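Worksheet: the structure to be examined is printed underneath.
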Amino acid sequence: ILLGKQPDSAIVFLQNSLTQLPESFLLQLTLARAYDATSQTDEAMKLVDAMLTKNPQQVDVLKMKADLLDKKGETTAAISLLEQAYAVTPYDIDLNYALAFKYAENKNPKVIALCDSLIRIDSVNAHAEPHYYKGIYYTNIGDYAKALSSFELANQNDYTYLNAYIEKGRVLVDMKKYADALKTFTLANTISPKFPD
């Protein structure tokens, strides 16, 4: 029901299901997601808080609470929760990427060590994301030379990683290198003309 884009119906179904299986972790987590999908952030927060009271190291719930806090503008608290989740499951690549992106957005230099560790384990240089996050960080602190280098490394690892082209183009615009920015945007558009950004 939830996947069918009917979160209101999903809430009713999940609430009824929880009367039958009140201890079901997956039902509770899915109900919290349904609340979130219907912009009932406070209801979702109550549910995840109750779940974390029972199991404070439940990584999926920590990540969900971090998302909810981020939606409420509580970025510092969201990062703290992602760090707690990372302490439990440092091998979770999606969690690493979420934490790296939050660090980069918030000019937190911890992004460099985290991304460098991700780059070290990428023995075949297949992942663009760690370089991209470093580029975002360098852009945000105004180090455009390192930002451009990071975005170029991201595209060397994955030439189809369009976000790196877009951010590189933005940096070039900020540097008033309009011809280079146009070349970068044109290249991205050539690679994927249907990419809306």
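The values are calculated or read from the model by the stated rules, or taken from the named source; none is laboratory data. None of these values were measured; they are calculated from a predicted model. In this analysis, Cβ positions are derived from the backbone assuming ideal geometry, glycine residues included, and neighbour counts consider all displayed protein chains. Keep in mind that these areas ignore ligands, DNA and RNA; they rest on the heavy atoms of the full protein, side chains included. Shrake-Rupley method; radii C 1.70, N 1.55, O 1.52, S 1.80 Å.
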Next on the checklist: Looking at the stretch 88-98, can you tell me whether even one residue there is open to solvent by 50 Å² or more (accessible area, probe 1.4 Å), assigned to a helix (DSSP H, G or I) and more than 29 Å from S149 (Cβ to Cβ)?
Outcome noted: yes
Checklist entry - Only one of (1) small (G, A, S); (2) buried (at least 20 other Cβ atoms within 10 Å of the Cβ); (3) not in a helix (DSSP H, G or I) fails for S39. Which number is that? => result (2)
Next on the checklist: Testing V124 on (1) of a type in the set (A, V, I, L, M); (2) assigned to a helix (DSSP H, G or I); (3) without any contact (Cβ under 8 Å) to a residue 12 or more places away in the chain, one condition comes back false. Which one is that?
Outcome noted: (2)
Checklist entry - In the stretch 99-115, what residues are surrounded by fewer than 21 Cβ atoms within 10 Å (Cβ to Cβ) and basic (K, R)? => result K107, K110
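Mind checking whether some residue in the stretch 35-44 is out of contact with any Pro (no Cβ under 7 Å at 6 or more places or on another chain), within 30 Å of N106 (Cβ to Cβ), free of Cβ contacts under 8 Å to residues at least 60 places away in the same chain and among the hydrophobic types (A, V, I, L, M, F, W, C)?
Checked against the condition, which is being out of contact with any Pro (no Cβ under 7 Å at 6 or more places or on another chain), within 30 Å of N106 (Cβ to Cβ), free of Cβ contacts under 8 Å to residues at least 60 places away in the same chain and among the hydrophobic types (A, V, I, L, M, F, W, C), the stretch 35-44 yields at least one hit.
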Checklist entry - Considering K183, K168, which residue is under 21 Å from K107 (Cβ atoms) and in a helix (DSSP H, G or I)? => result K168
Item to check | Options A77, A32; residue that is surrounded by fewer than 20 Cβ atoms within 10 Å (Cβ to Cβ) and in a helix (DSSP H, G or I) | outcome: A77
